Amino acid sequence: MHRYFIVYKPYLTHTRFSTPEGTGSDEPVKTLRDFFSVPKDVYPVGRLDHDSEGLLLLSSDPALNHRLLDPAFQHEREYWVQVEGDINQQAIDQLQKGVSIQVDGKQYQTRPCQAGLFSQLPALPERNPPIRERKAIAAPWIHITLTEGKNRQVRRMTAAVGHPTLRLVRYRIGDISLGNMLPGNIKELSRNSIYQKLFHEKHP
């Protein structure tokens, strides 16, 4: 029987259980194994950059992996993003319409998406270490919901409208969200719950 977990991946943690080679850093490399204990046949479904944090699915179900990662299904992924500088509605509109970014050395026009500015600080735990704040420069939060997942797409999108990403948290995939989870937390879900929340399907 397949197993299904959701975790809050901490900042500066690689989305794998084995230690990657050639990181080019003298600092200790953290992987999922440092925070989560799961059966050997359970692996990450998709990825989340080591300098991003938030929701990650772990499973032993290869069908789930295919369904979630196939671009044809266009599953929603919501990100909460702290950016540098006062971002205005014009920049938000640009993000929503789609911007041109570099993907694999070629220009790529992102799909239309949902984006908006948080009216108040989102309820998230402090990052460790915190971002480098500069008093003279604002660091507001926006939310972006994508139906595609190019490499480092959110960071490239905010940079394209003149607001580099300072902190990036994946909050939701389909109808599964972090809720009140903290970095390093893990929850096991049933097959029926996962398939219902991701694909609106009921499974025994």
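The values are calculated or read from the model by the stated rules, or taken from the named source; none is laboratory data. What you see is a predicted model; the values in this text were computed from it and never measured. Glycine also receives a Cβ, built like all others from the backbone with ideal geometry; neighbour counts cover every protein chain displayed. When the accessible area is computed, the model is the full protein with side chains, heavy atoms only, and any ligands, DNA or RNA have been set aside. Shrake-Rupley method; radii C 1.70, N 1.55, O 1.52, S 1.80 Å.
With Rg and the Kirkwood Rh both taken from Cα atoms, where does Rg over Rh land for the range 104-162?
With Rg and the Kirkwood Rh in hand, the quotient comes to 1.00.
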Which value, in Å², gives the accessible area per residue of the range 102-203 when a 1.4 Å probe is used on the protein heavy atoms? 59
Would you mind computing Rg(Cα) / (2.2 N^0.38 Å) for the range 1-81, counting N as its residues? 1.15
Counting only protein heavy atoms with a 1.4 Å probe and every protein chain in place, the carbon and sulfur fraction of the accessible surface of the range 1-58 in whole percent equals 46
Ellipsoid semi-axes in whole angstrom, largest first, where each is sqrt(5λ) of the Cα gyration tensor of the range 20-129: 29, 21, 17
Beyond 28 Å, the calculated P(r) of the chain holds a percent of Cα-Cα pairs equal to 29
Can you report the principal axis dimensions of the range 64-171 using only the alpha carbons, biggest first, rounded to whole angstrom? 43, 29, 26
Loop only by DSSP, 14 or fewer other Cβ within 10 Å of the Cβ. Give me the GluC sites (Glu not before Pro) in the range 55-148 that pass, ordered by residue number. Glu76, Glu126, Glu133, Glu148
Counting sequence-distant residues (5 or more places) and residues on other chains, those with an amide H built under 5 Å from that of Thr31 are His14
With only alpha-carbon pairs counted, each pair once and no self-pairs, how large is the Kirkwood hydrodynamic radius of the range 132-197 in angstroms? 14.7
What full-extension length gain, to one decimal in nm, is calculated for Asn65 and Leu121 as 0.36 nm per residue of separation minus the Cα-Cα distance? 16.9 nm
Estimated vicinal HN-Hα couplings, Hz - the range 97-110 in sequence order (Karplus 6.51, -1.76, 1.60; Gly, Pro = x): 6, x, 10, 8, 10, 8, 10, 6, x, 10, 6, 9, 9, 5
